[in-house]
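Shown next, in structure tokens, is the structure this report addresses.
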Amino acid sequence: MAATLPVKISFSLPDGWQAAPPEEVGTPNVAFVALHPASIDNGFTANITISGEMRNDSATMSQIADEAVPRLEQAGTVRVLKKAEIGTPDIPGLTDSPGIVQNLVLSTTLRGEPVDLCQSQVYLGMEDVRNPAQRAVIEIVLTAKPNQLDELIGDYKEFLRTVEPAGETPA
């Protein structure tokens, strides 16, 4: 069963992307998966995943992004290429505090063959207004092969600009 997000968000997929059930594409620990079928390359399809969790620790967004590295190292060698703070104009409406974007390369195997996978990870925090010691952290990740990245990074940025809290309708 797919994971759930700690807060409701809304977003729009760019043309050419399709939602897929996380458990059916081998990612049961995420809440949402979008595939780019036109990008299939030797059995790998570029994808965007969304996951999240509630946190009640004092970890910075940068430290939370660092936590992804040992998790990914279980599958292969990880090289962090860039990590930077992003401001709210990049992702309007989702958070009042800066997020983190982290770009990395995972050298792993796919069907027994060596492969490099590029990831652009965005981490966003939303403070719980009822309990400021607690916050939701949303992780939005584009995973693509290096030869797919140039074509798809624009779609990923377009997608990120649409992410916002889901409106609650007053009762």
**OP:** Give the residues of region 21-45 that are under 14 Å from Leu5 (Cβ atoms) and open to solvent by 50 Å² or more (accessible area, probe 1.4 Å), sorted by residue number.
**Re:** Asn29
Original post:
Looking at (1) open to solvent by 50 Å² or more (accessible area, probe 1.4 Å); (2) at pLDDT 95 or above; (3) within 17 Å of Gln121 (Cα to Cα), which is the only condition Thr60 fails?
Top reply: (2)
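Look at Thr27 and say whether it is part of a strand (DSSP E or B) and farther than 18 Å from Asn147 by Cβ.
Values: part of a strand (DSSP E or B): no; farther than 18 Å from Asn147 by Cβ: yes.
When the stated conditions are applied, Thr27 does not pass them.
Got a number for residues in region 85-109 being at pLDDT below 90, open to solvent by 30 Å² or more (accessible area, probe 1.4 Å) and assigned to a strand (DSSP E or B)?
So the answer is 1.
Which one is farthest from the chain's Cα centre (by Cα) among residues in region 110-134 that are in a strand (DSSP E or B) and farther than 21 Å from Ala65 by Cα? Before you say what the answer is, go through the steps one by one.
First, the residues of region 110-134 that are in a strand (DSSP E or B): 110, 113-127.
Within this subset, residues satisfying the condition of being farther than 21 Å from Ala65 by Cα are 110, 113-115.
Working: Leu110: 20, Glu113: 25, Pro114: 23, Val115: 20 Å.
Here the residue is Glu113.
Considering only region 150-171, state which residues are open to solvent by less than 90 Å² (accessible area, probe 1.4 Å) and modelled with pLDDT under 90. Show your work before the answer.
So in region 150-171, the residues open to solvent by less than 90 Å² (accessible area, probe 1.4 Å) come out as 152-156, 158-160, 162-167.
Glu164, Pro165, Ala166, Gly167 - these are the residues of region 150-171 that are open to solvent by less than 90 Å² (accessible area, probe 1.4 Å) and modelled with pLDDT under 90.
The values are calculated or read from the model by the stated rules, or taken from the named source; none is laboratory data. What you see is a predicted model, and the numbers here were worked out from it, not measured in a lab. Cβ: placed from backbone, ideal geometry, glycine included. Neighbour counts: every protein chain shown. With ligands, DNA and RNA removed, areas are computed over all heavy atoms of the protein, side chains included. Shrake-Rupley method; radii C 1.70, N 1.55, O 1.52, S 1.80 Å.
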